[in-house]
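The values are calculated or read from the model by the stated rules, or taken from the named source; none is laboratory data. None of these values were measured; they are calculated from a predicted model. Glycine also receives a Cβ, built like all others from the backbone with ideal geometry; neighbour counts cover every protein chain displayed.
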Amino acid sequence: MKIFEYSPAELTGKSFDCGCGYIHESSIKSISICDGAIKKLPEAIRSSGAFSAFVVADKDTFAAAGETAVSLLQNNGIECRICIIKADKGFDRPEPTEKALGNIVMSYDKDCGAVVGIGGGVINDLCKLLSDRARVPYVYVPTCPSMDGYTSDSASVIYNGVKTSLKCKCPDYLLCDTDIISKAPKKLLLAGIGDMCAKTVSICEWRISNLITGEHYCDDVAEIMRRCCKAAVKYAEAAVHGDKNAVSEIVKGLCMVGMAMTYAKSSRPASGVEHYYSHLWDMRCLEEGRQCELHGIQVGVGTLLTLKKYEKLKKAAPDKERALLHINAFDKQAWEKGVREYFGSSAESIIALEEKEEKYDRQKCAERLDIIVDKWDEILKIIDEELIPYEQLYTLFKKIGHPTAPAEIGESDESAAKAFSHTSDIRDKYILSRLLFDTGISL
Ligand SMILES: [Zn+2]
Ligand SMILES: [Zn+2]
């Protein structure tokens, strides 16, 4: 059986010696996706060898599942220390910053034998980091289907003002209670659907990068994502109308995406330029002290913007002479000035990153350009094979009430264009904006 044919629960404890050269494995011990999965919490704590738990939630997720979790644990003789994380003043939700993690660490009782995270992506990311650094088992009870980091071994956090993916452990036990998750606000479900539909772009860019930069690529892992993306499209409407089976299919997809990131040893299968819109909007919001939109919703809008750009790209073609002129015209000082204007307090870490990564190095750009010109037809073929047509996704988003334009999420067309122009600055991942830089094509 191929890796993409397993359900998330069947994948635990298995390892796959893959033709791509990697051994695909995850350290998750067990995944339960069913009604009433939270009842397995005491058993999970016991199996982890712990007798006490540090329970992390926010006020909403504590009401949704935290109270039940604590009484289940206490009724089974497991002591609990509760940590309710709060949003910063003027914000609706906590953000995954040094401050939030610091608060949890300062409330942490090192006598607790395990961490229990109850909530969405931010709580999971913070708890993954805490349990990794404290070297204790981690049990995660998601309360909503809003993002795909349930099972991944990295945490998406804002570190020194830059949205970063930090390596850590994945949960040891994952208890997805579909009774609880299906009661989450509809917007959180829309976010999960947005995050899964994004994979159409992530996989396309992964293949393009493999072609141009030789980045490691695994088609079996990519196939996991294609299936997740198809499932999101197929079940989206029923799920938003409250069909529990459809919600459960979305949850399974979200679990698979996290596994795929662990298997690929990077976030590559799950995130391309569409995710960078989200990262940049998050960073700008933090800089400006305003609440950002949910990650999955930003990513959904970013996916539509990206699909439109790829449709335009298909009508363009690289011209070597023009491209070399563009590459050679790169002015590092002007770039640094632009970075300082856009990124504010986090600019220096972005500039330091470029010193290390040399994304705009003339020689390297010119070498890639040769490959791009040579393989342009293959690049177009990948785009055709992988991307959902813009119209199809736009129609689906309209039908389910997922935002389709920056204006619907507190951003402007100008802020989207600005964000896109800086997507190539924040991480060393080969994405559409890098391809446009190397070819001098503007869309
Ligand atoms: Zn593989
Ligand atoms: Zn995402």
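Might you let me know whether the stretch 270-288 holds any residue that is touching a helix residue (DSSP H, G or I) at 6+ places or on another chain (Cβ under 6 Å) and within 16 Å of ligand 1 (Cβ to nearest atom)?
Yes, some residue in the stretch 270-288 is touching a helix residue (DSSP H, G or I) at 6+ places or on another chain (Cβ under 6 Å) and within 16 Å of ligand 1 (Cβ to nearest atom).
Can you confirm whether the stretch 401-408 contains a residue that is aliphatic (A, V, I, L, M) and in contact with a Gly (Cβ under 9 Å, 6 or more places away or on another chain)?
no
Show me the strands (runs of 3 or more DSSP E) entirely contained within the stretch 1-104 in which 3 or more residues are within 16 Å of ligand 1 (Cβ to nearest atom) and of a type in the set (A, V, I, L, M, F, W, C).
Answer list for the stretch 1-104: none.
Does the stretch 2-15 contain at least one residue that is more than 23 Å from I78 (Cβ to Cβ), of a type in the set (V, I, T) and outside the structural domain of L101 (by TED's automatic domain parsing)? Talk me through it step by step, then tell me what you get.
Just the residues of the stretch 2-15 that are more than 23 Å from I78 (Cβ to Cβ), to begin with: 2-11, 13-15.
After this cut, where a residue has to be of a type in the set (V, I, T) as well, the list is 3.
Retained after the next criterion (residues that are outside the structural domain of L101 (by TED's automatic domain parsing)): 3.
Within the stretch 2-15 (the criterion being more than 23 Å from I78 (Cβ to Cβ), of a type in the set (V, I, T) and outside the structural domain of L101 (by TED's automatic domain parsing)), the answer is yes, since at least one residue qualifies.
Return only the number of the condition from (1) surrounded by fewer than 20 Cβ atoms within 10 Å (Cβ to Cβ); (2) out of contact with any Asp or Glu (no Cβ under 9 Å at 6 or more places or on another chain); (3) closer than 25 Å to W281 by Cα that D438 does not satisfy.
Unmet for D438, out of (1) surrounded by fewer than 20 Cβ atoms within 10 Å (Cβ to Cβ); (2) out of contact with any Asp or Glu (no Cβ under 9 Å at 6 or more places or on another chain); (3) closer than 25 Å to W281 by Cα: (1).
When the stretch 267-302 is examined, which residues are found to be small (G, A, S) and assigned to a loop (DSSP other than H, G, I, E, B)?
If the condition is that a residue be small (G, A, S) and assigned to a loop (DSSP other than H, G, I, E, B), then S267, S271, G272, G289 are the ones that fit.
Table: residues versus (1) at pLDDT below 95; (2) under 30 Å from L325 (Cβ atoms); (3) not aliphatic (A, V, I, L, M); (4) not assigned by TED's automatic domain parsing to the domain that holds E311.
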{"residue": "I372", "(1), (2), (3), (4)": "no, yes, no, no"}
{"residue": "K375", "(1), (2), (3), (4)": "no, yes, yes, no"}
{"residue": "E386", "(1), (2), (3), (4)": "no, no, yes, no"}
{"residue": "G401", "(1), (2), (3), (4)": "no, no, yes, no"}
{"residue": "A405", "(1), (2), (3), (4)": "no, no, no, no"}
{"residue": "A419", "(1), (2), (3), (4)": "no, yes, no, no"}
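Conditions (1) surrounded by fewer than 24 Cβ atoms within 10 Å (Cβ to Cβ); (2) away from ligand 2 (no atom under 16 Å from the Cβ); (3) not β-branched (V, I, T), marked per residue:
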position	(1), (2), (3)
I208	no, yes, no
V240	yes, yes, no
K244	yes, yes, yes
M261	no, no, yes
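Report yes if some residue within the stretch 210-219 is assigned by TED's automatic domain parsing to the domain that holds P403, over 24 Å from T439 (Cα atoms) and modelled with pLDDT of 95 or more; otherwise report no.
Taking every residue of the stretch 210-219 in turn, at least one turns out to be assigned by TED's automatic domain parsing to the domain that holds P403, over 24 Å from T439 (Cα atoms) and modelled with pLDDT of 95 or more.
Can you find a residue in the stretch 305-316 that is without any contact (Cβ under 8 Å) to a residue 60 or more places away in the chain and either under 29 Å from K375 (Cα atoms) or surrounded by 15 or more Cβ atoms within 10 Å (Cβ to Cβ) (or both)?
yes
Could you count how many residues in the stretch 358-369 are in contact (Cβ under 8 Å) with a residue 12 or more places away in the chain and surrounded by fewer than 14 Cβ atoms within 10 Å (Cβ to Cβ)?
The initial filter retains those residues of the stretch 358-369 that are in contact (Cβ under 8 Å) with a residue 12 or more places away in the chain, namely 359-360, 362, 365-366, 368-369.
Still in the list and also surrounded by fewer than 14 Cβ atoms within 10 Å (Cβ to Cβ): 362.
Total meeting the criteria: 1.
Listed here are the residues, each with its yes/no results for (1) in contact with a Cys (Cβ under 9 Å, 6 or more places away or on another chain); (2) of a type in the set (K, R).
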{"position": "G289", "(1), (2)": "no, no"}
{"position": "G302", "(1), (2)": "no, no"}
{"position": "L307", "(1), (2)": "no, no"}
{"position": "A323", "(1), (2)": "yes, no"}
{"position": "E348", "(1), (2)": "no, no"}
{"position": "E355", "(1), (2)": "no, no"}
{"position": "K359", "(1), (2)": "yes, yes"}
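Being over 16 Å from A419 (Cα atoms) and assigned to a helix (DSSP H, G or I) is the filter here; which residues of the stretch 325-344 pass it?
L325, H326, I327, N328, K332, Q333, A334
Where in the stretch 382-443 are there helices (runs of 4 or more DSSP H), lying wholly inside it, with at least 2 residues that are among the aromatic types (F, W, Y)?
Passing ranges, in order: 390-400.
Among the residues that make up the stretch 94-105, is at least one of them within 16 Å of ligand 2 (Cβ to nearest atom) and surrounded by fewer than 21 Cβ atoms within 10 Å (Cβ to Cβ)? Walk me through it before giving the result.
Residues of the stretch 94-105 within 16 Å of ligand 2 (Cβ to nearest atom): 95-96.
Checking which are surrounded by fewer than 21 Cβ atoms within 10 Å (Cβ to Cβ) leaves us with 95.
Yes: the stretch 94-105 contains one or more residues that are within 16 Å of ligand 2 (Cβ to nearest atom) and surrounded by fewer than 21 Cβ atoms within 10 Å (Cβ to Cβ).
Give the number of residues within the stretch 322-336 that are of a type in the set (K, R) and either touching a Ser or Thr at 6+ places or on another chain (Cβ under 8 Å) or within 14 Å of L436 (Cα to Cα) (or both).
Of the residues in that region, 1 qualify.
For the stretch 136-154, which residues satisfy the criterion of being buried (at least 24 other Cβ atoms within 10 Å of the Cβ) and under 18 Å from V55 (Cα atoms)?
Correct list: Y138, V139, Y140, V141, P142, T143, C144, Y150.
Which one of K315, K309 is among the basic types (K, R), assigned by TED's automatic domain parsing to the domain that holds T200 and part of a helix (DSSP H, G or I)?
K309
Considering the stretch 222-261 alone, what residues qualify as being without any contact (Cβ under 8 Å) to a residue 12 or more places away in the chain, under 24 Å from Y140 (Cα atoms) and in a helix (DSSP H, G or I)?
N245, A246
Tell me, which residue of the stretch 210-221 that is in a helix (DSSP H, G or I) and more than 9 Å from ligand 1 (Cβ to nearest atom) is surrounded by the fewest Cβ atoms within 10 Å (Cβ to Cβ)?
To start, the set of residues in the stretch 210-221 that are in a helix (DSSP H, G or I) comprises 210-213, 219-221.
Next, from what is left, pick out any that are more than 9 Å from ligand 1 (Cβ to nearest atom): 210-213.
Working: N210: 18, L211: 18, I212: 22, T213: 15.
Checking each candidate, the answer is T213.
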